[in-house]
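Chemist: Structure incoming, see below.
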Amino acid sequence: MTNSVRRTPLIAGNWKMNLDHLQAIAFVQKLAWGLADAKHDASSVEVAVFPPFTDLRSVQTLISADKLPIAFGAQDVSEHESGAYTGEISGAFLAGLDCRYVIIGHSERRTLHAESDEQVAAKVKAALKHNLAPIICVGETAEDLEKHGQSAVPVAQLKAAIEGISSTVDIVVAYEPVWAIGSGQAATPEQAEQVAAALRAVLVETLGEDVAAKTRILYGGSVKASNIAGFMREPNVDGALVGGASLDLTEFSSIVRYQKHVGL
Ligand code: PEP
């Protein structure tokens, strides 16, 4: 039932702390030219970029002025609305810049900034309050994998992140095994599918069949042009969250055009 619904695949590029606002403009412009040359159909694959906060205004201006078929969002959001939170960025500010998405709970935030499951859940609520679709990142470390198997930690993280949210919301889930991020060692498509299916079961249980059926589940972790097609063949994998390869225009454009590699 949940897999009979068509979900528009999403290829999302997480730039992390790379590309300043001038480099961002050049990159997005060239990406758009490439998509136009390839007669990219935005209804068949959605493309989104996640630049650093300081680039968002420039990216918004370019995309809206030229009506480019590229969505964009931020890499994080504060759980707070406003006030004395030095260095934080609120959902209201991101919504004011027309962000459609926000990445929440990336493993680098969880590890380097000690972000807890509770904070991730608060950020999800803060994003939804401003109609930003959260891309909720979950994934196990190599140690978790050894101790608990592959699905247990991502499942627990997703349950914590969506607790108490309404069943009508627009969310995206990104399964990113921590051991696969930036390591060059991606999960296999079968591993990604197994965890994605477990995550979809959590969505059914928590938010109901309809939301589960329309929610996109991405795979992330060392995705490249040479391995994207394998992931996209899996029924529960609806796209990719791409880190390193999203900074290479040729590679990222080729990932976006994965349908051509598999003749879909
Ligand atoms: C990421 O950081 O979200 C990621 C998937 O990185 P990479 O593609 O470089 O493994």
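Chemist: Across region 64-82, which residue is nearest to GLY182 (Cα to Cα) among those that are away from the ligand (no atom under 16 Å from the Cβ) and of a type in the set (D, E, K, R)?
Modeler: In this case the residue turns out to be GLU79.
Chemist: Separate question: Please go through region 198-218 and pick out each residue that is farther than 16 Å from ILE165 by Cα and either polar (S, T, N, Q) or more than 17 Å from the chain's Cα centre (by Cα) (or both).
Modeler: ALA198, ALA201, ALA213
Chemist: Separate question: Identify the single condition in (1) more than 16 Å from the ligand (Cβ to nearest atom); (2) modelled with pLDDT of 95 or more; (3) under 21 Å from VAL256 (Cα atoms); (4) not small (Gly, Ala, Ser) that ASP37 does not satisfy, given that it satisfies every other one.
Modeler: Of everything listed in (1) more than 16 Å from the ligand (Cβ to nearest atom); (2) modelled with pLDDT of 95 or more; (3) under 21 Å from VAL256 (Cα atoms); (4) not small (Gly, Ala, Ser), ASP37 misses just condition (2).
Chemist: What's the number of the only condition in (1) outside any loop (DSSP other than H, G, I, E, B); (2) among the small types (Gly, Ala, Ser); (3) closer than 30 Å to SER58 by Cα that GLY182 fails to meet?
Modeler: All conditions pass for GLY182, except number (1).
Chemist: Scan region 157-181 for residues that are among the polar types (S, T, N, Q) and either out of contact with any helix residue (DSSP H, G or I) (no Cβ under 9 Å at 6 or more places or on another chain) or within 16 Å of HIS106 (Cα to Cα) (or both) and jot them down. Before you say what the answer is, go through the steps one by one.
Modeler: Residues of region 157-181 that are among the polar types (S, T, N, Q), as a first pass: 157, 166-168.
GLN157, the sole residue that qualifies.
Chemist: Of the conditions (1) surrounded by 23 or more Cβ atoms within 10 Å (Cβ to Cβ); (2) away from the ligand (no atom under 16 Å from the Cβ), TYR85 fails just one. Which one is it?
Modeler: Failed condition: (1).
Chemist: Follow-up. From the list GLU143, GLU190, which one is charged (D, E, K, R), modelled with pLDDT of 95 or more and within 20 Å of PRO9 (Cα to Cα)? First the steps, then the outcome.
Modeler: Details: GLU143 fails: within 20 Å of PRO9 (Cα to Cα).
After ruling out the rest, the residue left standing is GLU190.
Chemist: To continue, here is another question. Return the total of residues in region 155-191 being under 15 Å from the mean Cα position of the chain (by Cα) and over 18 Å from ALA245 (Cα atoms).
Modeler: Total meeting the criteria: 6.
Chemist: On to the next question. Give, as residue ranges, the helices (runs of 4 or more DSSP H) completely inside region 96-168 that count at least 2 residues that are surrounded by 15 or more Cβ atoms within 10 Å (Cβ to Cβ), of a type in the set (D, E, K, R) and within 16 Å of the ligand (Cβ to nearest atom). Let's see the steps before the verdict.
Modeler: Numbers: elements: 107-112, 117-129, 142-148, 152-162.
Fully inside region 96-168 and qualifying: 107-112.
Chemist: Sort out which residues of region 126-179 are touching a strand residue (DSSP E or B) at 6+ places or on another chain (Cβ under 8 Å), under 13 Å from TYR219 (Cα atoms) and not acidic (Asp, Glu), and write them in order of number.
Modeler: Listed by number, the residues that qualify are ILE135, ILE136, CYS137, VAL138, GLY139, PRO154, VAL172, VAL173, ALA174, TYR175.
The values are calculated or read from the model by the stated rules, or taken from the named source; none is laboratory data. Quick caveat, the model's predicted, so the values are computed rather than measured. When we count neighbours, we look across all protein chains shown, and the Cβ atoms used for this are built from the backbone with ideal geometry, even at glycine.
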